[in-house]
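Down below is the structure, laid out as structure tokens.
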Amino acid sequence: MIDRRFLLTTAAGLGGLLSLKWLTASPARAASNEKFEVMKTDEEWRKQLTPQQYEILRKEGTERPYSSPLNKEKRKGTFACASCDNALFSSETKFESGTGWPSFWQPLQNAVGERKDSTLGMVRTEIHCRRCGGHLGHVFDDGPKPTGLRYCMDGFAMIFKPAAPSAT
């Protein structure tokens, strides 16, 4: 007969494994077959990016919630891809979602691409940089008006470029 302690320990262990999988990279995607404006070898990406950026942008990893300094970024400016400097989001579309990741209700025009992501036993829409294919995060349909979308992005996949001060 299985006792309660065994069941709880087993459930906790499985939950831990699922959490670990969620925090680490998903299986390599078919992006290696896709052609992008900026293409580099794996070695070139590793030299250019920090280990955390590489894991997120090139291996579809996910940062820990609330770990990116971009969560607290309130200045006017543009969020760009850390891999290729492609402008992705305007600060005017950033909002506080309470999820622990920088969230936006709309990307800049022609900035991102999408693909189906069926990892973790669910179907989501993965968002990547249109220019280099770098993984940025996912989009969900629980965002604010006017789009109703929440682009939940990994902060370490982006850099912030403050707007130039206006001349008065």
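Every residue, every condition in (1) surrounded by fewer than 16 Cβ atoms within 10 Å (Cβ to Cβ); (2) out of contact with any Leu (no Cβ under 9 Å at 6 or more places or on another chain), yes or no:
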| position | (1), (2) |
| --- | --- |
| S68 | no, yes |
| K72 | yes, yes |
| F79 | no, no |
| L88 | no, no |
| R115 | yes, yes |
| C129 | no, no |
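Inside segment 113-142, residues that are at positive phi and more than 10 Å from the chain's Cα centre (by Cα) make up a count of 3. Selection within segment 135-168: residues that are touching a strand residue (DSSP E or B) at 6+ places or on another chain (Cβ under 7 Å), of a type in the set (D, E, K, R) and not in a strand (DSSP E or B). The member of this set that is nearest to R58 (Cα to Cα) is D154.
How about segment 47-69: which of its residues are part of a loop (DSSP other than H, G, I, E, B) and either at pLDDT 95 or above or out of contact with any Ser or Thr (no Cβ under 7 Å at 6 or more places or on another chain) (or both)? Matches in segment 47-69: L49, T50, R58, K59, T62, E63, R64, P65, Y66, S67, S68.
For (1) at pLDDT 95 or above; (2) farther than 22 Å from A164 by Cα, each residue gets a yes or a no:
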site	(1), (2)
K76	yes, no
N86	yes, no
F95	yes, no
N110	yes, yes
R115	no, yes
T119	no, yes
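Look at (1) over 26 Å from E37 (Cα atoms); (2) within 11 Å of the chain's Cα centre (by Cα); (3) of a type in the set (S, T, N, Q) and you find that N71 fails only one, number (2). The set of residues in segment 46-56 being more than 17 Å from the chain's Cα centre (by Cα) and either of a type outside the set (K, R) or within 14 Å of L136 (Cβ to Cβ) (or both) consists of Q48 alone.
Table: residues versus (1) β-branched (V, I, T); (2) part of a loop (DSSP other than H, G, I, E, B); (3) touching a residue at least 24 places away in the same chain (Cβ under 8 Å).
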position	(1), (2), (3)
T78	yes, no, yes
C84	no, yes, yes
E92	no, no, no
G98	no, yes, no
L108	no, yes, yes
G113	no, no, no
T125	yes, no, no
H128	no, no, yes
G133	no, yes, yes
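The values are calculated or read from the model by the stated rules, or taken from the named source; none is laboratory data. In this text, all values refer to a predicted model and were calculated from it rather than measured experimentally. Ideal geometry is used to build each Cβ from the backbone, glycine not excepted, and the neighbour counts take in all protein chains shown.
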